[in-house]
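The values are calculated or read from the model by the stated rules, or taken from the named source; none is laboratory data. All values reported here derive from a predicted model rather than from experimental measurement. Every residue, glycine among them, receives a Cβ derived from its backbone with ideal geometry; neighbour counts consider all protein chains shown.
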Amino acid sequence: MFIDAPAHWPDDPKPEPPKRRLSPRGEKLLLVLLGFNMILLVVAPIGGVSLLHWLVAVLGR
């Protein structure tokens with residue numbers, strides 16, 4: 001049989017906002033590591049070329 005339900009349904013509870021996953025200290029560490037990696041993107045190829053040049057000089061004797 002048909003049951004007449006009220007026209008107004010109760011509102012759903014609002015979902016909780018997502019919780020932070022990183023602490024402020026963790027965020028700072030992450031930014032420091034990202035900055036360090038950005039510096040290495042520039043410095044590492046220069047160091048790599050220097051090592052290759054050294055290797056060619058040593059093996060070329």
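The table for this structure:
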quantity: Residue check for residue 47: at pLDDT below 85 and either part of a helix (DSSP H, G or I) or basic (Lys, Arg) (or both); calculated: yes
quantity: Residue 26 vs. criteria surrounded by 10 or more Cβ atoms within 10 Å (Cβ to Cβ), modelled with pLDDT of 90 or more, assigned to a helix (DSSP H, G or I) and out of contact with any Lys or Arg (no Cβ under 7 Å at 6 or more places or on another chain); calculated: yes
quantity: Index of the failed condition, residue 35 passing every other in (1) within 36 Å of the chain's Cα centre (by Cα); (2) at pLDDT below 90; calculated: (2)
